[in-house]
Amino acid sequence: MSSGVTGVEPVAAAKRGKGRIAADKLWSYGIWIVLIVLFAIMFIANPVFRSNMNLMNILEQNAMLGIVAAGMLVMMVSGGFDLSVGAAGASASVTGAALSFHGGLWLAIPGAIVVGLAVGLANGLLIAKGRINAFVVTFAMASIVTGILFTVTNASPISANAGWLVPLALDTVLGIPWAFIAYVIIITATWFLLTRTKWGHYVYSVGGNREASFLSGIPVVSTQVLAFVYGGFCAALAGLMLLGQSDIGQPSSASDWPLTAIAICVIGGVSLSGGVGRVHGVIAATFLIGVISNSLNLLNVSPYVQPTITGIVIILAVALDRMSQRHGGGG
């Protein structure tokens, strides 16, 4: 009799173990659960929300910030963050606008990207090699770049000849916004770099423990510098998208990008201390903020009340996500 019981117990334990693994896997996507529930409620309750035009608007309107957040994700995982992405994006937009009349987009696009790469490189060198605090460096860089930009442009918008950047930023293909397609390409590239390359593993290692990474032979400085260069590249791409949407280079634009991108990453489970971050969480957080904003507008909620509601929902979403990570052993 006893042998029969002992034969059943391992099978039952194995089934419980599999069930717990499945539950933990589900819980690890806590931020997605919040997004799906909110989306489902609005989809059922509001006919305008579920219209094809509105759904495509959500994809298009959040693509640009999603690209900035993709770059911020890499920088934060490496152990830093960047308060100058807005200045870099605005500079790329203005540079692209100015060059579009002199060499067309074939000069404007590379020129804009070079500006973003240069800002990212300067930040990376000062933070990784100079060992200066990321907040100090990027805050100062934002001030420097913005000051130069305002001086050169006299704080006035620059007209552009954006050409095919305009339909690329505003049009659709098979009903899908080009802007969203660009976002999918960038976020996929970010996922590939972080999870399928040696450099990506270095980024997580450096962000998790810089000293141990150095002692292990990991090129700490170049790894973190490249993380900031990638962040500058993403900011420049978003700046070009902004140029396509407005057909002008606006030096005062993109001022809200840094804090919004950092908020998206934190909501998506990225650690402010580095070493932890999931691409899928950042995707969910990007569109969670977009769906909240869109829903409040459709419900005619006062713009004075919207920030309060958005903040409450974000806090609840982050609390659920952190609870899910504890439940799942760290997500």
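The values are calculated or read from the model by the stated rules, or taken from the named source; none is laboratory data. Because the structure is predicted, anything quoted here is derived from the model rather than measured. Note that each Cβ is placed from the backbone with ideal geometry, even for glycine, and that neighbours are counted across all protein chains shown.
Which residue out of 127, 132 is outside any helix (DSSP H, G or I) and at pLDDT 90 or above? Give the derivation first.
Values: 127 fails: outside any helix (DSSP H, G or I).
One residue alone meets the criteria, 132.
Need pairs with beta-carbon distance below 6 Å; first residue in contact (Cβ under 8 Å) with a residue 60 or more places away in the chain and more than 18 Å from residue 174 (Cβ to Cβ) and within the stretch 42-60, second surrounded by 16 or more Cβ atoms within 10 Å (Cβ to Cβ) and of a type in the set (Ser, Thr, Tyr); sequence gap 6+ or separate chains.
Every condition considered, the pairs that remain are 42/295.
Would you tally the residues in the stretch 277-321 being free of Cβ contacts under 8 Å to residues at least 24 places away in the same chain and in a helix (DSSP H, G or I)?
From the stretch 277-321, those free of Cβ contacts under 8 Å to residues at least 24 places away in the same chain are 293, 296-297, 300-312, 315, 319; that's our starting set.
If we keep only those that are in a helix (DSSP H, G or I) as well, we get 293, 296-297, 306-312, 315, 319.
Final tally of qualifying residues: 12.
Could you check how many residues of the stretch 69-80 are in contact with a Leu (Cβ under 9 Å, 6 or more places away or on another chain) and either surrounded by fewer than 24 Cβ atoms within 10 Å (Cβ to Cβ) or not in a loop (DSSP other than H, G, I, E, B) (or both)?
Applying the first criterion (in contact with a Leu (Cβ under 9 Å, 6 or more places away or on another chain)) to the stretch 69-80 yields 71, 73-74, 76-78.
Next cut, either surrounded by fewer than 24 Cβ atoms within 10 Å (Cβ to Cβ) or not in a loop (DSSP other than H, G, I, E, B) (or both) only: 71, 73-74, 76-77.
Counting residues in the stretch 69-80 that are in contact with a Leu (Cβ under 9 Å, 6 or more places away or on another chain) and either surrounded by fewer than 24 Cβ atoms within 10 Å (Cβ to Cβ) or not in a loop (DSSP other than H, G, I, E, B) (or both) gives 5.
Identify all residues within the stretch 267-284 that are of a type in the set (A, V, I, L, M, F, W, C) and either out of contact with any Cys (no Cβ under 7 Å at 6 or more places or on another chain) or more than 11 Å from residue 69 (Cβ to Cβ) (or both); write none if there are none. Full working, then the answer.
Quick first cut of the stretch 267-284, residues of a type in the set (A, V, I, L, M, F, W, C) only: 267, 270, 272, 276, 279, 282-284.
Within the stretch 267-284, 267, 270, 272, 276, 279, 283, 284 qualify.
Does the stretch 197-211 contain any residue that is of a type in the set (Ser, Thr, Tyr), in a helix (DSSP H, G or I) and at pLDDT below 95?
No, the stretch 197-211 contains no residue that is of a type in the set (Ser, Thr, Tyr), in a helix (DSSP H, G or I) and at pLDDT below 95.
I'd like to verify a number: residues in the stretch 103-123 that are of a type outside the set (A, V, I, L, M) and at pLDDT below 95, how many? Can you show your working first?
Quick first cut of the stretch 103-123, residues of a type outside the set (A, V, I, L, M) only: 103-104, 106, 110-111, 116, 120, 123.
If we keep only those that are at pLDDT below 95 too, we end up with 103-104, 106.
Within the stretch 103-123, residues that are of a type outside the set (A, V, I, L, M) and at pLDDT below 95 number 3.
Within the stretch 86-112, how many residues turn out to be among the small types (Gly, Ala, Ser), in a helix (DSSP H, G or I) and either over 17 Å from residue 251 (Cα atoms) or over 22 Å from the mean Cα position of the chain (by Cα) (or both)? Spell out how you get there, then give the answer.
First pass over the stretch 86-112, keeping only residues among the small types (Gly, Ala, Ser): 86-93, 96-98, 100, 103-104, 108, 111-112.
Adding the requirement that they be in a helix (DSSP H, G or I) leaves 86-93, 96-98, 108, 111-112.
Then drop every residue that is not either over 17 Å from residue 251 (Cα atoms) or over 22 Å from the mean Cα position of the chain (by Cα) (or both), which leaves 96-98, 108, 111.
Counting residues in the stretch 86-112 that are among the small types (Gly, Ala, Ser), in a helix (DSSP H, G or I) and either over 17 Å from residue 251 (Cα atoms) or over 22 Å from the mean Cα position of the chain (by Cα) (or both) gives 5.
Output the residues belonging to the stretch 258-275 that are surrounded by fewer than 23 Cβ atoms within 10 Å (Cβ to Cβ) and either modelled with pLDDT of 90 or more or in a helix (DSSP H, G or I) (or both).
Within the stretch 258-275, 259, 260, 262, 263, 266, 275 qualify.
Determine if the stretch 93-110 includes at least one residue that is within 19 Å of residue 70 (Cα to Cα), among the aliphatic types (A, V, I, L, M) and buried (at least 24 other Cβ atoms within 10 Å of the Cβ). Talk me through it step by step, then tell me what you get.
Taking the stretch 93-110 first, the residues within 19 Å of residue 70 (Cα to Cα) are 93.
From what is left, the residues that are among the aliphatic types (A, V, I, L, M) are none.
No: the stretch 93-110 contains no residue that is within 19 Å of residue 70 (Cα to Cα), among the aliphatic types (A, V, I, L, M) and buried (at least 24 other Cβ atoms within 10 Å of the Cβ).
Given the criteria out of contact with any Pro (no Cβ under 7 Å at 6 or more places or on another chain), over 15 Å from residue 75 (Cβ atoms) and free of Cβ contacts under 8 Å to residues at least 24 places away in the same chain, does residue 255 qualify? Break it down into steps so the answer makes sense when it comes.
Values: out of contact with any Pro (no Cβ under 7 Å at 6 or more places or on another chain): yes; over 15 Å from residue 75 (Cβ atoms): yes; free of Cβ contacts under 8 Å to residues at least 24 places away in the same chain: no.
The answer is no for residue 255.
Can you go through 120, 175, 116 and tell me which one is under 22 Å from residue 241 (Cβ atoms), touching a residue at least 60 places away in the same chain (Cβ under 8 Å), surrounded by fewer than 20 Cβ atoms within 10 Å (Cβ to Cβ) and among the small types (Gly, Ala, Ser)?
Values: 120 fails: surrounded by fewer than 20 Cβ atoms within 10 Å (Cβ to Cβ); 116 fails: surrounded by fewer than 20 Cβ atoms within 10 Å (Cβ to Cβ).
Exactly one residue qualifies, and that residue is 175.
So, in the stretch 216-261, exactly how many residues are within 24 Å of residue 148 (Cβ to Cβ) and touching a Phe, Trp or Tyr at 6+ places or on another chain (Cβ under 6 Å)?
Looking only at that region, the number is 1.
Give just the number: which of (1) touching a Gly at 6+ places or on another chain (Cβ under 6 Å); (2) within 26 Å of residue 63 (Cα to Cα); (3) crowded, with 21+ Cβ neighbours inside 10 Å does residue 138 not satisfy?
So residue 138 meets the others, but not (1).
Scan (1) modelled with pLDDT of 95 or more; (2) of a type outside the set (Phe, Trp, Tyr); (3) over 20 Å from the mean Cα position of the chain (by Cα) for the single condition residue 171 breaks and write down its number.
Among (1) modelled with pLDDT of 95 or more; (2) of a type outside the set (Phe, Trp, Tyr); (3) over 20 Å from the mean Cα position of the chain (by Cα), the lone unmet condition for residue 171 is (1).
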